[in-house]
1. Taking Y84 and the conditions (1) at pLDDT below 80; (2) not in a loop (DSSP other than H, G, I, E, B), which numbered condition does it fall short on, given that it satisfies the others?
2. State which residue is modelled with the highest pLDDT when the search covers only the range 1-60 and only residues that are buried (at least 16 other Cβ atoms within 10 Å of the Cβ) and among the small types (G, A, S).
3. So, in the range 33-89, of the ones that are touching a residue at least 24 places away in the same chain (Cβ under 8 Å), touching a strand residue (DSSP E or B) at 6+ places or on another chain (Cβ under 8 Å) and of a type outside the set (A, V, I, L, M, F, W, C), which residue ends up nearest to L145 (Cα to Cα)?
4. Restricting to the range 65-105, name every residue that is of a type in the set (G, A, S) and more than 30 Å from M44 (Cβ to Cβ).
5. Can you give me the number of residues within the range 99-118 that are out of contact with any strand residue (DSSP E or B) (no Cβ under 6 Å at 6 or more places or on another chain), modelled with pLDDT of 70 or more and surrounded by 12 or more Cβ atoms within 10 Å (Cβ to Cβ)?
6. Could you check, for the range 145-153, whether at least one of its residues is among the small types (G, A, S), in contact with a strand residue (DSSP E or B) (Cβ under 9 Å, 6 or more places away or on another chain) and assigned to a helix (DSSP H, G or I)?
7. With respect to D178, is the statement that it is without any contact (Cβ under 8 Å) to a residue 24 or more places away in the chain and assigned to a helix (DSSP H, G or I) true?
8. Can you tell me which of R200, R167 is touching a Leu at 6+ places or on another chain (Cβ under 8 Å) and open to solvent by 70 Å² or more (accessible area, probe 1.4 Å)?
Amino acid sequence: MPSANVNATRMELTKQKRKLATSTRGHKLLKDKRDELMKQFLDMIRENRALRKKVEEGLMKAHGSFTVASAVMSSEVLEQSLLYPKQSVDLSMNYKNIMSVNVPIYQFSTRSADNSEIYPYGFATTSGELDGAVDALSSVFADMLKLAQIEKACQLMAEEIEKTRRRVNALEYVVIPDCQAKIKSISMKLDENERNNTIRLMKVKDMMMKEALDTKRQETARALSLYK
């Protein structure tokens, strides 16, 4: 329903038509954005599902190796072996813009490129299962970081999709119908006013013609009376 206090003027009609054109164009752009966001979001979900499965398998492998290592080694030796790590990791974060959504990009680098630095202990007093567990955790670390990145991106994309969906619905079901209703109401009032003005002009014209005819009759009557 259009607003009750809308001004039925041609200026207001032009304003509402411009608003309708802008809203229609914005609605199309937002729908296209929503569809593209959904496409990229679904691609991320599929990638997230596959990567999560890979990470869970790697963690299960590492957990199994740690379980065996804790069974063949004493808890004191196991704790001392892992107490002072030799390798360190530097983590950095940048942002990538995807359809106006800034998603984080995680990157890491190790202090040393030597792969043997992941073992912070000597091999004489430890079991091979502990080596396998540490190696499995080292291998799965990059996938875990990638998984965290994708899950955060999915969360941000889902929030943007919801906001875009609400805007599309607001334009489609509120703004555009309101503009259309106002345009129709103003056009009907302007047409009615134009018809009323036309009717008034016709009545005035009839009155003027009638007055002119009466005046002419009176003049004719006076002229005839002079000849008598």
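1. With respect to (1) at pLDDT below 80; (2) not in a loop (DSSP other than H, G, I, E, B), Y84 is out only on (2).
2. The residue in question is S23.
3. Among them, the one singled out is Q87.
4. S65, A69, S70, A71, S74, S75, S81, S88
5. Residues in the range 99-118 being out of contact with any strand residue (DSSP E or B) (no Cβ under 6 Å at 6 or more places or on another chain), modelled with pLDDT of 70 or more and surrounded by 12 or more Cβ atoms within 10 Å (Cβ to Cβ): 3 in total.
6. The answer is yes, given that some residue of the range 145-153 is among the small types (G, A, S), in contact with a strand residue (DSSP E or B) (Cβ under 9 Å, 6 or more places away or on another chain) and assigned to a helix (DSSP H, G or I).
7. So D178 does not fit the description; no.
8. R167 is the lone residue from the list that is touching a Leu at 6+ places or on another chain (Cβ under 8 Å) and open to solvent by 70 Å² or more (accessible area, probe 1.4 Å).
The values are calculated or read from the model by the stated rules, or taken from the named source; none is laboratory data. Given the structure is predicted, the values throughout are model-derived calculations rather than measurements. Positions of Cβ are backbone-derived with ideal geometry, glycine not excepted, and every protein chain shown enters the neighbour counts. Surface accessibility is based on the protein's heavy atoms, side chains included, excluding ligands, DNA and RNA. Shrake-Rupley method; radii C 1.70, N 1.55, O 1.52, S 1.80 Å.
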